[in-house]
Structure formats: structure tokens, C-alpha cells
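Here is the structure we will look at, set down as C-alpha cells.
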Amino acid sequence: MKLYVGIDPSYTGTGIVVLNKDSGVLACTKVKAPSEGSDIMRALAVRNEVFEIITSCGAHVLGSNRPFVAIENYSLNSKFGLAMAATLGTVLRMGLIDRDWLYVEPSPQSVKAFALMAKGKGARSKKQKPVKEAQAIWGFKHKSNDVVDAYVLAQIARSAGGAHALGQLDARQLEVVAGLKVIC
């Protein structure tokens, strides 16, 4: 079974969603970093929990159950600072590379565009909008914006990984997928 994973990295709550090829939700949760310890140790704790969730859904390091992952690219506007965001993002990406899992890195703006939101700076200020769009488009609802963003990322992974027929995507979604580079 092919898995599609969305990861929305954040120290306050990393959203993680695992889907099957038919959009069935196998896992959806938020992983919080420990409040104590160095940034790198906190990031490693998040990474370990995220990969435990993914592997508990049946992911394997190699073979047909190797997941396809969309991890949101670095946010230059992180309220925790670029250094902390870079640490967590790098630790998660190193885990993906260590496992030889394919992944893409859509920008925060691309995630919002894929969820059929308006492009540009205005989209970033509408934090509740992804919740409404994800429910309207895919029937997915969750109280955490981090998990909703991870769900949209998992849908991006499905599209980039070939689970969607291109005819099923709208023009903005096609534009997002076309702009992604597969890593690993």
C-alpha cells in the first residue's frame, strides 16, 4: 500500500497526516516538541515521533511501502526565528533522506494555493481559510491548523506522487505540482 504523508513542521505543533492512495486518513495528529533541552534535541524528539507515526501506518524504508512525503518548506516569517525553523526542518529532512523516502517541499504560499486559496500576501493572513477549504474540497475537518495544513500537504504528496489523475486537479493545483522538485 502506497502512503502519502504531509508534514507541517513547527516546534509548537508539527502537523502530520498519512493518507492511502484513495485519501483514506491513516493518521492525523500534532506532535509537540518537548519544552526542555537544546533546539537540536527537541527537533530530534519531534523527528522520532513523526517517523514512528509514519512507520506505524505501514511505511517501510524501501520497497512498495516507501511513502511519498510533502514537507512544508521553511517559513522565513517563523515567530520562533529562522534558526529554530531551520533546525527542525533540517532534522526532519535528514530523516527522510536517511530512509530514502521521496519528498517535495512546497512553499507555505503553494500549500495555500493548492487548497484553492487566493495567491499572494493576503493568503497568509487568512489562517482559518485552510480549515474551511479542506472541509469543502476533501471533507476533512480538524481543530488544529497545523494538522489541516499537513492534510493539504498530504494531498499535494498524492498529486506529486501520481495518485491523482491530472484531470482531477484545478489550474492552481496543477501549477503547484508542476513547480515541485522531487528529492531523494
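Derivation of every value follows stated rules applied to the coordinates shown; laboratory data play no part. Since we're looking at a predicted model, the values are computed, not measured. Here the Cβ is made from the backbone with ideal geometry for all residues, glycine too, and neighbour counts use every protein chain on show.
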Identify all residues within the range 27-45 that are charged (D, E, K, R), assigned to a loop (DSSP other than H, G, I, E, B) and surrounded by 12 or more Cβ atoms within 10 Å (Cβ to Cβ); write none if there are none. Lys32
Counting residues that are small (Gly, Ala, Ser) and within 15 Å of the chain's Cα centre (by Cα), which helices (runs of 4 or more DSSP H) fully inside the range 129-179 reach at least 1? 129-138, 145-160
Scan of the range 1-26 for residues that are assigned to a loop (DSSP other than H, G, I, E, B) and surrounded by fewer than 20 Cβ atoms within 10 Å (Cβ to Cβ), ordered by number: Met1, Lys2, Thr12, Gly13, Lys21, Asp22, Ser23, Gly24
